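Peer 1: Here it is: the structure, laid out below.
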Amino acid sequence: MGQILGQAECNNYILVVHKINTTNLYVCGTNAFHPVCRYMVIDNMKLKLYTRATDSRGRCPYEPTVSYASLMVDGALYTATSNNFLGTEPIILRSFRNPLRTEYKASWLNEPTFIHMELIQENEAVSDSDRIYVFFTETATEFEFYDKLRVSRVAQLCKGDLGGKRTLKKRWTSFLKSTLLCSVPELQFQFNILQDIFVVKNSNWRETIIYGIFTQQW
């Protein structure tokens, strides 16, 4: 693979790093187009691997240029990336605890570019009511246009989602997405491409402020 795509692309790019506790990290890398994840321990100011590498499709991109987002919440890993090398299977996945994933349907995710993932805690007493928000752009399916029209979205996932019992088994049942709009109406400018997100949290989740950077598609 390295001879075909080039040596640089076949390096192991570390893309996902999450702190488990004061001494342990969870790390994922591209591993020359075969993404793997491992646990690492901090020992005497040095990082050491202490588990075997595991196949990590859906947890880490196959190459460093592919968009992704990830979050570790209470021991569960939430990731948004592609589940295959060709990039034709976009997925939002929860690993380790009650694994769930999105469907491979354009109505769920259609050629997405993932930007950011954020946990918003709505109730300290009942943590299952907390929500995971995923920010991304995708090709719109609701419009007919001469070219692929990209739109910005935000999707929500409930942390306490256990999946369906008969339908949507091991699939998200709380997945909902909405369009993000940014425009200058008087100038007829539409900024439909989300580039980045910054979240300013508040003890009252209703007062959380989310800043976004948008650009035009054309």
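Peer 1: Calculate one ³J(HN,Hα) per residue across the range 128-137 by plugging θ = phi - 60° into the Karplus curve 6.51 cos²θ - 1.76 cosθ + 1.60, and present them in order as whole Hz with x for glycine and proline.
Peer 2: 5, 7, 5, 10, 9, 10, 10, 9, 7, 10
Peer 1: Here is a further query. Test of understanding: ordering 199, 184, 16 by Cβ neighbours within 10 Å, fewest first, what list do you get?
Peer 2: With the sparsest Cβ surroundings first, the list reads 184, 199, 16.
Peer 1: Using the Karplus curve 6.51 cos²θ - 1.76 cosθ + 1.60 with θ = phi - 60°, what ³J(HN,Hα) values do you get for each residue of the range 78-87, in whole Hz, with x for Gly and Pro?
Peer 2: Once θ is set to phi - 60°, the couplings for the range 78-87 become 10, 9, 9, 6, 9, 8, 9, 5, 6, x Hz.
Peer 1: Quick one: which residues, 5+ away or cross-chain, put their amide H under 5 Å from the amide H of residue 16? H built at 1.01 Å from N.
Peer 2: 28
Peer 1: Straight-line reach from residue 170: which lysines have Cα under 17 Å away, leaving out those fewer than 8 places along the same chain?
Peer 2: Residue 170 reaches 105, 159.
Peer 1: Given an 8 Å cut-off on Cα distances and at least 6 residues of separation, report the relative contact order of the chain as a percent.
Peer 2: For the chain, the relative contact order is 10 percent.
Peer 1: Another question, then. Quick check: residue separation of residue 202 and residue 12 times 0.36 nm, minus the Cα distance between them. What number comes out in nm?
Peer 2: 64.7 nm
Peer 1: Do you know the relative contact order of the range 123-218, to the nearest whole percent, from alpha carbon pairs under 8 angstrom that are 6+ apart?
Peer 2: 21
Peer 1: May I pose another question? Cut-off under 15 Å on the C-alpha distance; same-chain residues fewer than 8 positions from residue 19 excluded. Which aspartates and glutamates are left, in chain and number order?
Peer 2: Straight-line reach from residue 19, under 15 Å: 43, 74.
Peer 1: Here's a follow-up. Write out the cysteines belonging to the chain for which the nearest other cysteine Cβ is not under 4.7 Å, or none if no such cysteine exists.
Peer 2: 10, 158, 182
Peer 1: What is the range 7-56's relative contact order, in percent, from Cα pairs under 8 angstrom and six or more apart in sequence?
Peer 2: Computed over the range 7-56, the figure is 27 percent.
Peer 1: Mean residue ellipticity at 222 nm from the helices of the chain, using -39,500 (n - 2.57) per DSSP H segment of n ≥ 4 over the full residue count, to the nearest 500 deg cm²/dmol?
Peer 2: Only helices count here, giving -500 deg cm²/dmol.
All of the numbers you see were taken from the coordinates with simple rules; none came from a lab. What you are looking at is a predicted structure, and each value in this text was computed from that prediction instead of being measured. Cβ coordinates were reconstructed from backbone atoms using ideal geometry, including for glycine residues, and neighbour counts include every protein chain displayed.
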